[in-house]
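The next block holds one structure in the form of structure tokens; read it before the comments.
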Amino acid sequence: MIIDATCCLEYVIPVEVHAIFMLRPRSGWGQWIMREEFNIKPRVPVIEYTDFYGNLCQRIVLPKGSFHYSMKCRAWVPAELDSQPLALLQTVKQLPVDVLHYLLPSRYCQSDKLGDLATYIVGNAPSNHQHVTSLRNWVHDNIAYERGTSNSSTSALETTTTRRGVCRDFAHLGIALCRAIKVPARMVVGFVHGLEPMDLHAWFEAYIGGRWFSFDATEDHPGGNRIVIAYGRDAADVALASLFGPFTCTTMQVTVAIAPETEEA
């Protein structure tokens with residue numbers, strides 16, 4: 001499937017502010033960025049770099065006044081989520097060194113405090129993809145999606161108590177439960193076609209059988225049509241805009257649409 005996505009941000013800056021943006025997707029496993037455009041107004045220098053997780057970042061000094069940031073892209077992505085139900089979990093000894101840090105507790109994912117819950121949920125499920133599916137299903141069935149019931153400081157442990165939250169809370173809890181049973185897990189943010197209301201979205205991936213698989217506990221039947229922007233241990237690593245000073249965000253607009261059939265052909 002070919003997807004068109006856009007994101008537009010408008011700010012009012014009272015004084016010069018340093019900022020880091022992370023809104024440019026890259027081609028990789030399961031997606032091909034066919035076309036991409038990135039614009040800022042006023043025109044100021046941009047320093048681009050790749051962070052520890054492979055995300056493409058832009059370092060910008062925002063001048064006093066109004067500031068506009070926008071991006072749009074066209075990407076080929078799978079229409080369905082990839083799944084291999086019989087893919088086996090790996091022991092810690094078998095894991096490659098570059099995924100080991102995804103086993104550790106992090107700021108929003110206190111996996112060291114959720115071992116009993118995770119073990120109870122998976123029960124006697126086979127030691128394969130089904131383990132993580134069981135965790136995803138439990139989060140979906142036991143956490144209510146309610147806007148305004150959490151904030152930027154809400155952690156996975158708190159979500160197990162309140163039993164409500166938004167996509168980032170669902171992702172954090174899924175990640176923490178995976179790590180609690182020694183399955184590497186990471187947070188993903190990006191665009192998803194068909195969200196209501198439309199916004200940027202968060203889900204999680206688990207490392208199973210030597211590769212990453214996507215899981216989304218917010219949906220009854222998670223599908224594909226996703227453009228990944230960034231990966232990280234949790235939300236602290238995937239902030240799409242980090243401004244180190246005072247600001248007011250006056251506009252945030254996101255669109256995701258299926259490209260015309262003539263383009264796909």
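Looking across segment 228-265, the residues that are modelled with pLDDT of 95 or more and charged (D, E, K, R) come down to Arg233, Asp234, Asp237.
Residues in segment 198-211 that are in a strand (DSSP E or B) and under 11 Å from the mean Cα position of the chain (by Cα): His201, Ala202, Trp203, Phe204, Glu205. Of the listed requirements (1) in the same structural domain as Thr218 (by TED's automatic domain parsing); (2) touching a residue at least 12 places away in the same chain (Cβ under 8 Å), Gln31 misses just one: (1).
Here the condition is being outside the structural domain of Ala118 (by TED's automatic domain parsing) and either under 18 Å from the mean Cα position of the chain (by Cα) or of a type in the set (Val, Ile, Thr) (or both); of Asp234, Asp169, it holds for Asp234 alone. The residue that is farthest from Val192 (Cα to Cα), among those in segment 57-82 that are surrounded by fewer than 14 Cβ atoms within 10 Å (Cβ to Cβ) and among the small types (Gly, Ala, Ser), is Gly65. Evaluating Gly148 against the criteria (1) over 30 Å from Thr250 (Cα atoms); (2) at pLDDT below 95; (3) of a type outside the set (Phe, Trp, Tyr) leaves one unmet condition, (1).
Filter segment 151-162 for residues that are in a helix (DSSP H, G or I) and surrounded by 14 or more Cβ atoms within 10 Å (Cβ to Cβ) and give the result.
Correct list: Ala156, Leu157, Glu158, Thr159, Thr160, Thr162.
Kindly check whether there is at least one residue in segment 133-150 that is buried (at least 23 other Cβ atoms within 10 Å of the Cβ) and either small (Gly, Ala, Ser) or over 20 Å from Ala235 (Cα atoms) (or both). Among the residues of segment 133-150, not one is buried (at least 23 other Cβ atoms within 10 Å of the Cβ) and either small (Gly, Ala, Ser) or over 20 Å from Ala235 (Cα atoms) (or both), which makes the answer no. Considering the conditions (1) farther than 23 Å from Thr50 by Cα; (2) not assigned by TED's automatic domain parsing to the domain that holds Ile13, Gln253 is excluded by exactly one of them, (2).
The values are calculated or read from the model by the stated rules, or taken from the named source; none is laboratory data. What you are looking at is a predicted structure, and each value in this text was computed from that prediction instead of being measured. All Cβ positions, even for glycine, are placed from backbone atoms using ideal geometry, and neighbour counts span all protein chains on display.
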